[in-house]
Amino acid sequence: MINVLLVLFSLLVFVGPVRASETVSPLSTNAASLSQETMTPARFREIVGTPGDAVPLMPQLAAVPFWTNAVASNVMTYASGKVFPEELTQTARTVRGEYVVFTVQSKFYNQPMNSILAYDKKASALKVYGLYGDGHADDIVTEGTAVYEFARKTYTITSSYGDGFKETTTGSYTDREDSAKTVVYKDGVLFMTRKVKTHPIVAEK
């Protein structure tokens, strides 16, 4: 399963439901145009604000295993020695066959966190998008690249974001559990590690 939780804490500004002042237009029904559009902050919010549907996923996304309802145990250990554990819930829905939208509910932050899984046709790669707040009231779309070895049921996610942050996630999965570890560096120095175990709320095929 793709452990999107690992990317959420790094790539996302914590965004709640779309506010009235941020009303977005409906998504285009042209699947080709969806996959070719640049992922901007407005586009990100547009996709996140779109209800899920039953349109079949494109083959590259259909190959990626994920749970629609799951619980996760997240433990972040900072270089200083500080440890921050948290339990979270995660849901996933598909949009127009082009996107998988993940939403994690955090009790600590008391609001939802969103990310989007998509297939970048130009790069021929799976991408995980989020919104990063730069501290100056600007939102920047960030991305991670996911590589799967389906035969071994393992994956790697790499990303760079913010002011000198780089991270690598390695994970493995079964039908009942996803286990992953992320190492985060800032300017080449270890910043923190994260360990996440995710389980489906109900058994899914």
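The values are calculated or read from the model by the stated rules, or taken from the named source; none is laboratory data. On a predicted model such as this, the values are computed, not experimentally measured, just so you know. Every residue, glycine as well, gets a Cβ built from its backbone with ideal geometry; the counts of neighbours run over all protein chains shown.
Annotations for the structure displayed:
- Taking the numbered list (1) buried (at least 16 other Cβ atoms within 10 Å of the Cβ); (2) assigned to a loop (DSSP other than H, G, I, E, B) in turn, residue 175 passes all entries but (1).
- Inside the range 76-91, residues that are under 25 Å from residue 39 (Cβ atoms) and either without any contact (Cβ under 8 Å) to a residue 60 or more places away in the chain or touching a His at 6+ places or on another chain (Cβ under 9 Å) (or both) make up a count of 1.
- Scanning the range 73-101 for residues that are touching a helix residue (DSSP H, G or I) at 6+ places or on another chain (Cβ under 7 Å), crowded, with 20+ Cβ neighbours inside 10 Å and not charged (D, E, K, R) yields 74, 88, 90, 95, 99, 100, 101.
- Among residues of the range 103-156 being part of a loop (DSSP other than H, G, I, E, B) and among the hydrophobic types (A, V, I, L, M, F, W, C), the one that is farthest from residue 196 (Cα to Cα) is 137.
- The set of residues in the range 100-142 being of a type in the set (Phe, Trp, Tyr) and either closer than 17 Å to residue 90 by Cβ or modelled with pLDDT under 85 (or both) consists of 102, 108, 109, 129, 132.
- The set of residues in the range 71-93 being of a type outside the set (A, V, I, L, M, F, W, C) and over 21 Å from residue 177 (Cα atoms) consists of 77, 78, 80, 81, 82.
- Flag for residue 153 being basic (Lys, Arg), surrounded by 12 or more Cβ atoms within 10 Å (Cβ to Cβ) and more than 26 Å from residue 98 (Cα to Cα): no
- For the range 62-75, the set of residues classified as within 20 Å of residue 152 (Cβ to Cβ) and in contact (Cβ under 8 Å) with a residue 40 or more places away in the chain consists of 63, 64, 65, 66, 67, listed by residue number.
- Within the range 102-110, not a single residue is small (Gly, Ala, Ser), within 20 Å of residue 54 (Cα to Cα) and surrounded by 14 or more Cβ atoms within 10 Å (Cβ to Cβ).
- Yes/no for residue 202 being in a strand (DSSP E or B) and either under 20 Å from residue 73 (Cα atoms) or out of contact with any Leu (no Cβ under 7 Å at 6 or more places or on another chain) (or both): no
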